[in-house]
Amino acid sequence: MANDLTRITVNLVPRSAKALEEALALADVSQTDAVNEAVRLYRDYWQARANGRELMWRNPDGSVEKIHIV
């Protein structure tokens, strides 16, 4: 499986570095696992958008917010 890996170097702006650290603490995962999942979610988001779908958060009060990724 090690041969199937792709190594990358990423330079994060401070806002993204802070978000990564917060995500690692919340999910209790490694940087590698967090980045792998983030890439898959980003791909899924854009595939869904290409098919006319939208991403929404449902709040505890039942209200819904549309999520925009730019």
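The values are calculated or read from the model by the stated rules, or taken from the named source; none is laboratory data. Just so it is clear, the structure is predicted and the values come from calculations on it, not from any experiment. So basically every Cβ, Gly included, is an ideal-geometry build from the backbone, and we count neighbours across all protein chains shown. Ligands, DNA and RNA are stripped out before the accessible areas are found, and what is left, the full protein with its side chains, is counted by its heavy atoms. Shrake-Rupley method; radii C 1.70, N 1.55, O 1.52, S 1.80 Å.
Can you tell me which residues in the stretch 1-43 are of a type in the set (Gly, Ala, Ser), in a helix (DSSP H, G or I) and surrounded by 10 or more Cβ atoms within 10 Å (Cβ to Cβ)?
16, 17, 19, 23, 27, 34, 38
Taking only the stretch 48-70 into account, find how many residues are open to solvent by 100 Å² or more (accessible area, probe 1.4 Å) and in a helix (DSSP H, G or I).
The qualifying residues number 1.
Output the residues belonging to the stretch 58-70 that are modelled with pLDDT of 95 or more and not hydroxyl-bearing (Ser, Thr, Tyr).
Narrowing the stretch 58-70 to residues modelled with pLDDT of 95 or more: 58-65.
Passing the criteria: 58, 59, 60, 61, 62, 64, 65.
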